[in-house]
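As structure tokens, the structure follows; a few thoughts come after it.
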Amino acid sequence: MAVFAAFQLPGNSKAQAHDSAATPPQLFDTAGYRTARYRAPVDRLPTPAAAITLEAALRLRPGVDALFIDVLPAEGGVRDPLTGKWTLAAQHETIPGAAWHPETGRANADAVLWQGLRNAVKAARSNRPALPVVVFCRNDCWMSWNAARRLASEGFARVYWFAEGIEGWHEVGRGLVRADPVAIGRK
């Protein structure tokens with residue numbers, strides 16, 4: 001009997017677990033954007049964007065001295081493609097003065113959502129072309145890294161990645177506010 005217990009049949013859960021562990025997911029696409037395991041330590045800068053330290057970010061007034069953009073996904077949220085309005089499964093808190101553009105930090109960001117973020121940056125800079133853009137989500141999250149890198153790669157100057165994100169801001173005693181996603185519908 002012991003001989004049969006040790007035999008691995010095709011479809012056996014132990015054999016399948018071993019096979020999936022042997023082939024890790026592709027973490028980056030050919031353009032260099034993170035595609036999987038977004039919540040993981042970030043080990044590089046989002047060149048051509050620059051990083052901004054927690055201390056430097058805290059000296060800025062979001063929505064006044066810089067455009068702060070939160071790219072955290074709307075976990076379980078659903079967006080109406082016509083109106084652009086989101087129905088959220090859970091409330092989200094962010095840095096006061098920040099604009100929440102969910103889902104724009106994915107490697108393959110939805111084209112309509114990404115264009116909405118780009119338009120927001122252009123609008124904020126229409127009278128202030130040198131306005132810094134600070135992109136963030138949570139600490140140890142590649143989505144803000146992707147979004148900052150993509151904006152800078154598309155020619156936007158003064159784009160900064162705030163690695164500590166929402167947790168870093170809050171851990172030093174700064175408050176958070178309830179956020180509503182920016183509504184971006186099809187035109």
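The values are calculated or read from the model by the stated rules, or taken from the named source; none is laboratory data. Given the structure is predicted, the values throughout are model-derived calculations rather than measurements. Ideal geometry is used to build each Cβ from the backbone, glycine not excepted, and the neighbour counts take in all protein chains shown.
Every condition in (1) farther than 27 Å from Arg178 by Cβ; (2) surrounded by 13 or more Cβ atoms within 10 Å (Cβ to Cβ); (3) of a type in the set (Gly, Ala, Ser); (4) modelled with pLDDT of 95 or more holds for Ala36 except the one numbered (4).
For region 48-92, the tally of residues that are of a type in the set (Asp, Glu), in contact with a strand residue (DSSP E or B) (Cβ under 9 Å, 6 or more places away or on another chain) and surrounded by fewer than 14 Cβ atoms within 10 Å (Cβ to Cβ) stands at 2.
Applying the criterion of being in contact with a helix residue (DSSP H, G or I) (Cβ under 6 Å, 6 or more places away or on another chain) and part of a strand (DSSP E or B) to the residues of region 155-184, the residue that is farthest from Phe28 (Cα to Cα) is Val159.
Look through region 94-105, keep the residues that are free of Cβ contacts under 8 Å to residues at least 60 places away in the same chain and within 10 Å of the chain's Cα centre (by Cα), and return whichever of them is surrounded by the most Cβ atoms within 10 Å (Cβ to Cβ). Step by step, filter region 94-105, then rank; the result is Thr104. On the basis of being surrounded by 15 or more Cβ atoms within 10 Å (Cβ to Cβ), over 19 Å from Gly63 (Cβ atoms) and under 18 Å from the mean Cα position of the chain (by Cα), does Ala148 make the cut? When the stated conditions are applied, Ala148 does not pass them. Every test in (1) among the aliphatic types (A, V, I, L, M); (2) closer than 18 Å to Ala179 by Cβ; (3) crowded, with 20+ Cβ neighbours inside 10 Å is passed by Ala124 save one, and that test is (3).
Can you say whether Gly168 is in contact (Cβ under 8 Å) with a residue 12 or more places away in the chain, at positive phi and surrounded by fewer than 21 Cβ atoms within 10 Å (Cβ to Cβ), as far as the supplied structure shows? It is false that Gly168 is in contact (Cβ under 8 Å) with a residue 12 or more places away in the chain, at positive phi and surrounded by fewer than 21 Cβ atoms within 10 Å (Cβ to Cβ).
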